[in-house]
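The structure appears below as structure tokens.
All of the numbers you see were taken from the coordinates with simple rules; none came from a lab. Everything numeric here is computed off the predicted structure, so don't read it as measured data. Ideal geometry is used to build each Cβ from the backbone, glycine not excepted, and the neighbour counts take in all protein chains shown.
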Amino acid sequence: IKRFEDQDDVYEAIVEKIGQSLKEHTDRKFVCLWLEVLAEAARNPEMAQIVQTADQKMRQRVTCLEKAARQARGVKSDIKPEAVAEVIMALFEGLGNRIIQNPEMDKDEVAKVLQIAAQAILQA
């Protein structure tokens, strides 16, 4: 998130660097650890609170990024930025899960689709 927050054109940064973000979110070691954290959060209310608090902070940052990206391009939308943040986060978290189920995922091709999706989401 930090690499996007410091950019003059957040929209362009998100679209252009989405492949790098995909690689980070589909790193097998990261995903395996994150799935363990989520599993523990499902069993342990204290861990769940920690995960939910961290998620809330991340959603706020993604929401701010989304607003900045739209503003950089003069895009006006009736869609709530919080809903956009949920979808963006779900895409990356879901692709992280997919790498466990399909370790042969063609990340370069998936990144191309993500670029198109990001453009559509940020212009909607």
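For a quick check of your reading of the filter: which GluC sites (Glu not before Pro) in region 21-110 sit in a DSSP loop and have no more than 11 other Cβ atoms within 10 Å?
Listed in order of number, the matching sites are 104.
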Exercise. Does region 1-70 come out rounded, prolate or oblate by the C-alpha gyration tensor, with a ≥ b ≥ c the root eigenvalues, rounded set by a/c under 1.5 and, if not, prolate when a/b is larger than b/c and oblate if not?
Worked result: oblate
Exercise. Given the rule -39500 (n - 2.57) for each run of at least 4 DSSP H residues, summed and divided by the residues of the chain, what is its mean residue ellipticity at 222 nm, to the nearest 500 deg cm²/dmol?
Worked result: -27000 deg cm²/dmol
For this session: Please express the Cα-Cα pair-distance distribution P(r) of region 35-109 as a list of whole percents, one per 5 Å bin, running from 0 to the bin with the greatest distance.
Result: 3, 13, 17, 18, 17, 16, 10, 5, 1
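Work out the FRET efficiency for residue 75 and residue 17 from their Cβ-Cβ distance, taking R0 = 22 Å, and round it to the nearest 0.05. Don't skip to the end; give the middle numbers.
Numbers: r = 19 Å, r/R0 = 0.86.
The computed FRET efficiency comes out at 0.70.
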